[in-house]
Amino acid sequence: MEYININKLKPHPKNNFFFDDIKGEPWADFVDSIKWSKGPVDPIVITPDFTIVSGHQRVRACKQLDIKEVKCTTQHFLDADGNESEDEVLRALIETNIRQRGIGNPNPVKFGRCLLELERIYGIKNGGDHGNQYTGGSFPQGETGKTREELLKELGISSSAYDRYKKLAQLPEDIQKAVCDGVINQTVASRVIARLSPEDQEKLVNKIIEEEGITTKQIDEYVKQIKASKNENDKLRKIISENETQNASEKMKLKSKNDELQDEIENLKNNPVKPKDYDDLKKKASDVDKYKNFFEKEQEKVEKERKEKLELQKKIDALK
């Protein structure tokens, strides 16, 4: 442990993502406690590059009180292989701050972010009452991952509260901001807005942006309108779907009938309908053709004989 110039200390880049600064009367009381103790009682925990892991608010108070140096403890945050681990830094940052501030104090959206980050670090998956499995992670030797049940017990919150905080942290950023600013009630956000589709959530975000100072009551009404509109759309989609199914059925019937007709037409082309006496007529026609050929040949003979007789007659007449 050593005293370090306060200006060398750097806030962790994700501290404000997970935690708000203390404000109002609690902040005034906090500053007074630092003032009367002439600096923080507990040392500031930092990494070797002077990044603050635990003590952001104490450092902030010291700067306000113009305290130049603070006690610091430099720690290496290592994984099981002995390598510097940013996940170990984040784990210490989140868990230490939660313990120091108490569960009721953190911003509900940012607390949800803490839970999601701890789930990632501990490898929790398929949480809830059905398995509480975890994938594990790269922890310092002798440490293992945690199940959801273990995390709930450690944090001292119910399963439903745990899920509610997570839902808040998974909403679009504009809605998260509206919850943080007190524009949207966290109960409405986690139990109503979280159940909307991403498209409807985006509509709500646009509504909040358009109407500055929108109240929780107005949001409730707007959500009801969205749901009513969704119900109407679902009804219309159902009617359209039923009509499309009916039309498809009619199309199938017409296509089947058309296929049958096409088969009949093709069959008639290949197998034309014949009259009952077709074979007799065909035979008679064949006989007619035979007699016709016979008579034509006979006529040719007669014509030939006639021409020969005419030639012979001319020769006789010439001799006279």
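Checking LYS297, LYS276, LYS301, LYS224 one by one, the residue that is at pLDDT below 70 and either open to solvent by 90 Å² or more (accessible area, probe 1.4 Å) or among the polar types (S, T, N, Q) (or both) is LYS276 and no other.
Can you tell which of THR51, THR47 is surrounded by fewer than 18 Cβ atoms within 10 Å (Cβ to Cβ), in contact (Cβ under 8 Å) with a residue 24 or more places away in the chain and within 30 Å of ILE157 (Cβ to Cβ)?
Working: THR47 fails: surrounded by fewer than 18 Cβ atoms within 10 Å (Cβ to Cβ).
Every option except THR51 fails the conditions.
Within region 54-95, restricting attention to residues that are touching a residue at least 40 places away in the same chain (Cβ under 8 Å), farther than 16 Å from ASN16 by Cβ and among the small types (Gly, Ala, Ser), which residue is surrounded by the most Cβ atoms within 10 Å (Cβ to Cβ)? Across region 54-95, the extreme among qualifying residues is SER85.
In the set (1) closer than 22 Å to HIS76 by Cβ; (2) open to solvent by 20 Å² or more (accessible area, probe 1.4 Å); (3) in contact with a helix residue (DSSP H, G or I) (Cβ under 6 Å, 6 or more places away or on another chain), the condition left unmet by GLU2 is number (3). Evaluation of ILE184 against the conditions (1) at pLDDT below 70; (2) within 22 Å of ARG164 (Cβ to Cβ); (3) outside any helix (DSSP H, G or I) shows that the sole unmet condition is (1).
Within region 142-169, residues that are open to solvent by 30 Å² or more (accessible area, probe 1.4 Å) and assigned to a helix (DSSP H, G or I) have Cβ atoms under 7 Å from residues that are modelled with pLDDT under 85 and not β-branched (Val, Ile, Thr) in these pairs: GLU149/ASN132; ARG164/SER190; LYS167/SER190; LYS167/ALA194, counting only partners at least 6 apart in sequence or on another chain.
The values are calculated or read from the model by the stated rules, or taken from the named source; none is laboratory data. Computed from a predicted structure; not experimentally measured. Please note: Cβ atoms are built from the backbone with ideal geometry, for glycine as well, and neighbour counts cover all protein chains shown. With ligands, DNA and RNA removed, areas are computed over all heavy atoms of the protein, side chains included. Shrake-Rupley method; radii C 1.70, N 1.55, O 1.52, S 1.80 Å.
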